[in-house]
Amino acid sequence: TNKDLEAAIRSGQFREDLYYRLNVFSIFLPPLRERKSDILLLAEHFLEKYEREHNKRIRRLSTPAIDMLMSYHFPGNVRELENA
């Protein structure tokens with residue numbers, strides 16, 4: 001999840017017993033804005049995905065599009081990039 005479950009427990013919005021049952025192994029993944037090197041790789045992946053789904057040929061991302069993607073802060077992380 002992208003939610004702070006420990007804060008949700010403190011505020012009574014999430015059950016503490018359920019948290020400890022689910023929290024056997026935690027993975028921290030920094031937000032996309034802190035992983036700039038992943039942006040172009042993910043954008044190319046999504047382009048290939050949409051090429052297959054829509055039977056279209058997309059040659060490449062334009063330089064202005066790449067510049068825009070690299071300068072954006074992506075508050076919605078990968079989901080937002082996929083829908084960009």
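Proximity of backbone amide H atoms, modeled 1.01 Å from N, is registered between PHE14 and ILE9 at under 5 Å, excluding neighbours fewer than 5 places apart on the same chain. Any aspartates and glutamates with Cα under 13 Å of the LYS49 Cα? List them, leaving off those in the same chain fewer than 8 positions away. Of all the aspartates and glutamates, those that pass the test against LYS49 - Cα under 13 Å, at least 8 places apart if same chain - are GLU82.
Indicate the gyration tensor shape class of the stretch 31-84 (rounded, prolate or oblate), computed on the Cα atoms with a ≥ b ≥ c the square roots of the eigenvalues: a/c under 1.5 is rounded; otherwise a/b larger than b/c is prolate and the rest oblate. Prolate, because a/c is 1.5 or more and a/b exceeds b/c. Please compute the modelled spin-label separation between ASP17 and PHE46, points set 7 Å along Cα→Cβ, answer in nm with one decimal. Going by the 7 Å Cα→Cβ label model, 4.1 nm.
Going from the residue with the fewest nearby Cβ atoms within 10 Å to the one with the most, ARG60, ARG33 rank ARG60, ARG33.
Here the dipole of the chain is about 240 debye; that uses its Cα centre as origin and unit charges on the Cβ of Lys and Arg (positive) and Asp and Glu (negative).
The phi torsions of the stretch 35-41, fed into the Karplus equation with coefficients 6.51, -1.76 and 1.60 and a -60° offset, translate into couplings of 10, 3, 5, 7, 4, 5, 4 Hz, rounded to whole numbers, with Gly and Pro shown as x.
Taken together, the values in this text are just the output of simple stated rules run on the coordinates, not laboratory data. All values derive from a computational prediction rather than experimental measurement. Glycine gets a Cβ as well: all are built from the backbone with ideal geometry, and neighbour counts include every protein chain shown.
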